[in-house]
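The values are calculated or read from the model by the stated rules, or taken from the named source; none is laboratory data. Remember, predicted model here, so these are calculated numbers, not experimental data. Every residue, glycine as well, gets a Cβ built from its backbone with ideal geometry; the counts of neighbours run over all protein chains shown. Surface accessibility is based on the protein's heavy atoms, side chains included, excluding ligands, DNA and RNA. Shrake-Rupley method; radii C 1.70, N 1.55, O 1.52, S 1.80 Å.
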Amino acid sequence: MYRRGDFLYLTIGGVVLTIHAGFINVCFLIEGLDTAVSYLTGTLAHVSVAAVERQYESALFSLALVLAFMVGSLVTGFIVGTEKFKSGPSYGVVLLLESCLLTISGIVLETTSQDRLVNSLWWKYLYMLPALACGAQNAMCTTFSGAVIRTTHMTGISTDIGVIIGQKIRSTLGLFHHRSNTNNGDVETWKLKVFIPLWLGFLVGGSVGTIVIQALGLKYYALLIPATTLGLTGFGLLCYHYLVLKFSRSSSSSSSSSSPSFFDNHTSSSDAEESYGLLNE
């Protein structure tokens, strides 16, 4: 069963990933793309506007970003599977994939002339790579947390924070008790311990990314920073699951049935779900 400390690590991991997402976003907002690669609402709206105004190339490009994000999620779904609250080496694979995509994006975009990126539609499709990477990351966190944690966009997180605060105010003031069974115990205020740090993490990531790009002049090479940290984290996860955990299992049990599959995840889903309420204390 998960302990309180395990969810502390989960929150810290989520915050680290939101910092990365905020960092990645500003690389493209500042460097001329003028749109986000880690969330889709505005991009999808632009597809509608551009199509109605018969700007078909622009609509097609925005649609490509949306589809790239979805493909990244698809790949993560295939690698990780459906089980929530289960850690495993497959998450390390996803992080390594994201690292590779960001590395390729940073190098290729930096070495490609700005004129090509701005004026050539086909060269602009290189921006699909970071969108794919963000889709993979967001799907990974969504799958593990049972859709509680999303790390590449803050629309849902901001909504959840507002809803929980509103519910808590209603419950505290004792309003409408004759219409509802709501009480203090029903308001999941523990989630604020997760959502608020995630929200702040995205803000910090964007700020750090802006400072790195403008002060150091790294431009798209700045993507190599999150690519490196994500790659090291993914490699560390693989080493942990295949060296540390495998060794501990083999030493504690002499009658193991079979070695774990490369995509197998570990830890009981029911136990983790049951102990999810620890943060509510």
(request) Return a yes/no flag: does segment 149-159 have any residue that is open to solvent by less than 40 Å² (accessible area, probe 1.4 Å) and over 28 Å from Phe61 (Cα atoms). (result) yes
(request) Can you tell me which residue among Ser62, Ser113, Ser120, Ser48 is among the hydroxyl-bearing types (Ser, Thr, Tyr) and in contact with a Leu (Cβ under 9 Å, 6 or more places away or on another chain)? (result) Ser62
(request) Only residues that are within 12 Å of Gly106 (Cβ to Cβ), over 17 Å from the mean Cα position of the chain (by Cα) and open to solvent by 40 Å² or more (accessible area, probe 1.4 Å): list them for segment 213-244, please. (result) Leu218, Lys219, Tyr221, Leu224
(message) Could you check segment 201-231 and list, in sequence order, the residues that are more than 26 Å from Thr155 (Cα to Cα) and free of Cβ contacts under 8 Å to residues at least 60 places away in the same chain?
(response) Ala215, Leu216, Gly217, Leu218
(request) Residue by residue through segment 196-237, note down the ones that are over 17 Å from Ile12 (Cα atoms), assigned to a helix (DSSP H, G or I) and either modelled with pLDDT under 90 or in contact with a Lys or Arg (Cβ under 7 Å, 6 or more places away or on another chain) (or both). (result) Ile213, Gln214, Ala215, Leu216, Lys219, Tyr220
(request) Hey, could you check segment 104-122 for residues that are part of a helix (DSSP H, G or I) and β-branched (Val, Ile, Thr) and say which is modelled with the lowest pLDDT? (result) Val118
(request) Considering only residues that are over 15 Å from the mean Cα position of the chain (by Cα), assigned to a helix (DSSP H, G or I) and of a type outside the set (Ser, Thr, Tyr), look in segment 69-103 and name the one that is surrounded by the fewest Cβ atoms within 10 Å (Cβ to Cβ). (result) Phe78
(request) Considering every residue within segment 16-23, establish whether at least one is in contact with a Pro (Cβ under 9 Å, 6 or more places away or on another chain), open to solvent by less than 60 Å² (accessible area, probe 1.4 Å), of a type in the set (Val, Ile, Thr) and in a loop (DSSP other than H, G, I, E, B). (result) no
